[in-house]
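A short worksheet on the structure shown next.
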Amino acid sequence: MPDPAERQAVFQGLLAMEVDHAVEWGDVDVLPDMSGVAVWRRHPADDAPVLSDHHLGAFTRGGMPRFRQLSALLNSYRSDAPHHWLAWLYVEHDCRGQGVGTELLARHHQVVDQRGLPVDVVVTSERARDFLTFHGYIAGLPLHLPSGPRLWPLRRPGHPAARSDQAGRNGVPSAVAEVVSTSEPTFTTTSVERVTMLREASDLRTNLIDQLCAEDTIRTSAVEVAMRRTPRHLFLPGVPMQQAYADEPVYTKTDTCGTSISAASQPRIVAMMLEQLDVRSGQRVMEAGAGTGYNAALLAAVVGDSGRVVTIDVDEDLVNGARKSLAAAGVANVDVVHGDGALGYSEGAPYDRIIATVGAYETPAAWLKQLAPDGRLVVPLRLRGAASRSIIFERYDGGWRDQGSELAVFMPLRGIGDDARRLVSLTPELDVILQVHKDQEVEAAALADVLETERRKVWTDVFFPPMVPYEWMDLWLACRLDNAIMRMSVQPTAVQRGAVTPMFSWGAMATTRGADLAYLTTRPALARPDGSRLYEVGVIGHGPNGRDLAHHVSEEIRSWYTNYRSREVRFEIPDAPIGADPAVGRFVLARPHHPITVTWE
């Protein structure tokens with residue numbers, strides 16, 4: 001143990017006297033934060049889950065000047081001393097790209113490696129925790145000092161203490177201590193490549209979240225803080241950093257036919273649904289569809305240490321991957337369950353919030369049963385055909401009523417709630433494909449040469465400005481057409497050879513009737529006096545009666561635009577059946593157990 005003169009040189013002034021007093025007498029819990037340095041000493045009789053028999057910890061504030069003081073303290077350690085010194089390194093906001101946090105970590109490793117000290121790192125912010133878990137540290141459960149700060153202990157993988165039976169008492173649960181991230185190698189020496197990678201991740205995450213905030217997708221501080229602090233790339237091992245922080249989904253698993261069956265959702269959709277869920281600190285949350293574990297990590301950040309998250313996935317490999325990534329990110333308040341998400345997880349019920357990050361054709365009864373009476377459910381429901389919305393449901397006297405909805409399409413549930421779909425190609429080149437759901441009828445053989453038939457265009461006199469979604473028009477068509485709209489995916493080759501002229505670059509919404517096909521398109525209208533431009537919606541028909549089908553679709557579009565465009569759309573899951581009345585804009589979507597009512601009010 002350093003003598004008082006050495007401690008005096010490190011801490012200086014009045015604080016050095018308090019350090020001496022704490023070390024000699026052990027009767028001080030938390031020393032005041034003086035000169036940027038605070039010291040904590042464990043009482044011999046204290047059984048709190050702190051770091052075992054390490055008697056003294058010091059952590060610094062203020063970057064390199066304070067770290068040099070800490071380095072001096074560590075270098076004064078004598079191998080024959082009866083006590084072990086534990087460095088508590090305070091990084092906090094220093095890992096926002098300025099490089100201070102990186103230098104702190106590098107200097108810390110130099111001290112450890114040169115002196116052979118049993119040094120762990122304890123940080124006082126989730127940002128610093130994420131910074132260190134990125135480099136392979138193992139995070140434990142947070143500690144709470146009497147003065148209020150919350151601390152996260154982290155151990156270097158391979159350190160004997162990280163594998164000892166004391167791990168649970170040392171603030172790192174044994175189950176967590178046994179898991180070492182394989183997505184990133186342990187950081188034992190500083191390198192230009194790794195520092196660059198870390199800065200890139202931080203900068204890319206900052207830019208992404210800034211964009212979502214500017215667009216008002218992120219509206220609350222709870223969601224913003226969670227997304228800023230949670231490193232998405234840790235949940236996407238092997239994915240390039242630029243792709244991990246792009247506002248795009250990342251497809252992570254396919255079936256034997258090459259069809260995507262799991263993905264990391266688009267960050268914009270993730271943020272939107274978190275805002276819909278309105279999670280509060282201390283709540284219990286169930287998620288159907290664990291996927292990569294990223295969404296569960298965000299939920300865990302919002303509910304905090306006093307809350308709990310249960311996330312479920314039907315695939316064992318996804319469950320294992322999510323557990324591994326959550327451990328690497330230092331997330332301890334999530335239970336990853338291998339099971340059928342449609343069944344929920346009754347052992348953790350009731351839940352304050354339930355969210356599905358998979359598409360559902362019907363709201364499973366288990367979710368409604370396991371939700372607390374005043375709880376909230378957010379589920380991406382496939383309503384009819386390709387029409388899908390993420391809907392907020394809350395309980396009322398007569399059933400479940402929506403509290404808002406947003407356009408969203410997800411991978412479908414698999415298991416007892418399976419919502420399988422099939423693909424029907426319309427060209428020999430396989431570059432125009434219909435996505436057909438179980439509530440739709442498509443005669444693949446009858447449509448084999450449909451695009452070779454005469455093209456019939458019908459224009460609707462319905463105009464949209466640029467960048468305005470067609471979501472409510474699409475929903476109206478889904479409810480009104482005998483064969484609800486479906487996605488017609490188109491490759492550029494089909495457009496280039498003139499086979500189709502779809503509404504969007506990805507394709508268009510379409511419907512079929514026997515051997516006939518109709519799909520949506522647009523054309524620019526004349527520029528208005530102010531220079532702005534509108535786009536007219538049209539319908540293209542093919543097949544023996546393609547003109548009639550195109551006219552029918554166009555009439556429905558005009559009806560919606562004239563009579564229902566300005567109305568609000570509401571969704572309900574009523575306890576008792578409600579009759580449909582399409583003439584006034586009320587539709588009942590049949591389901592085996594919980595029919596859905598869609599009303600244009």
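The values are calculated or read from the model by the stated rules, or taken from the named source; none is laboratory data. The model shown is predicted, which means the values in this text are computed figures rather than measured ones. Note that each Cβ is placed from the backbone with ideal geometry, even for glycine, and that neighbours are counted across all protein chains shown. Note: areas computed on protein heavy atoms with side chains; ligands, DNA, RNA excluded. Shrake-Rupley method; radii C 1.70, N 1.55, O 1.52, S 1.80 Å.
Filtering segment 295-339 to residues that are of a type in the set (D, E, K, R), closer than 19 Å to ARG284 by Cα and touching a Pro at 6+ places or on another chain (Cβ under 9 Å) leaves only ASP305. For segment 472-509, the tally of residues that are part of a strand (DSSP E or B) and either farther than 14 Å from TRP560 by Cβ or among the β-branched types (Val, Ile, Thr) (or both) stands at 7.
Among the residues making up segment 241-263, a single one is open to solvent by less than 10 Å² (accessible area, probe 1.4 Å) and either under 19 Å from ARG229 (Cα atoms) or part of a helix (DSSP H, G or I) (or both): ALA244.
Inspection of segment 460-480 finds a residue satisfying the criterion of being open to solvent by 10 Å² or more (accessible area, probe 1.4 Å), of a type in the set (Val, Ile, Thr) and over 18 Å from ASP548 (Cα atoms). Cβ-Cβ distances below 7 Å connect the following pairs, each with a first residue in segment 235-259 that is closer than 12 Å to GLY291 by Cα, a second residue that is open to solvent by 60 Å² or more (accessible area, probe 1.4 Å), and a separation of six or more residues or different chains: VAL250/GLN243. Among the residues here, THR501 qualifies as in contact with a strand residue (DSSP E or B) (Cβ under 6 Å, 6 or more places away or on another chain), open to solvent by 30 Å² or more (accessible area, probe 1.4 Å), more than 24 Å from SER388 (Cβ to Cβ) and of a type outside the set (Lys, Arg). One residue stands out among those in segment 515-559 that are in a helix (DSSP H, G or I) and among the hydroxyl-bearing types (Ser, Thr, Tyr): the one that is most open to solvent (accessible area, probe 1.4 Å), which is SER559.
Identify the residue in segment 344-364 that is modelled with pLDDT of 95 or more, open to solvent by 30 Å² or more (accessible area, probe 1.4 Å) and not aromatic (Phe, Trp, Tyr) and, among all such residues, is nearest to PRO412 (Cα to Cα). Across segment 344-364, the extreme among qualifying residues is SER346.
Could you tell me which of the residues ASP305, ASP278 is modelled with pLDDT under 95 and over 14 Å from the mean Cα position of the chain (by Cα)? Unique residue meeting the criteria: ASP305. If you go through segment 228-240 and keep only what is open to solvent by 20 Å² or more (accessible area, probe 1.4 Å) and among the aliphatic types (A, V, I, L, M), you end up with just VAL239. Each residue in segment 381-409 was checked for being of a type outside the set (A, V, I, L, M, F, W, C), touching a residue at least 60 places away in the same chain (Cβ under 8 Å) and assigned to a strand (DSSP E or B), and 9 of them qualify.
Note on segment 410-422: among residues that are open to solvent by 60 Å² or more (accessible area, probe 1.4 Å) and either touching a strand residue (DSSP E or B) at 6+ places or on another chain (Cβ under 9 Å) or part of a strand (DSSP E or B) (or both), the one that is farthest from ILE312 (Cα to Cα) is ARG422. Tell me whether segment 431-451 contains one or more residues that are surrounded by fewer than 22 Cβ atoms within 10 Å (Cβ to Cβ), within 30 Å of ARG308 (Cα to Cα), of a type outside the set (Gly, Ala, Ser) and touching a Gly at 6+ places or on another chain (Cβ under 6 Å). No: segment 431-451 contains no residue that is surrounded by fewer than 22 Cβ atoms within 10 Å (Cβ to Cβ), within 30 Å of ARG308 (Cα to Cα), of a type outside the set (Gly, Ala, Ser) and touching a Gly at 6+ places or on another chain (Cβ under 6 Å). Determine, yes or no, whether ARG280 is part of a helix (DSSP H, G or I), among the basic types (Lys, Arg) and open to solvent by 10 Å² or more (accessible area, probe 1.4 Å). No. Within segment 308-315, identify whether any single residue is open to solvent by 20 Å² or more (accessible area, probe 1.4 Å), at pLDDT 95 or above and not in a helix (DSSP H, G or I), and answer yes or no. Yes, segment 308-315 contains at least one residue that is open to solvent by 20 Å² or more (accessible area, probe 1.4 Å), at pLDDT 95 or above and not in a helix (DSSP H, G or I).
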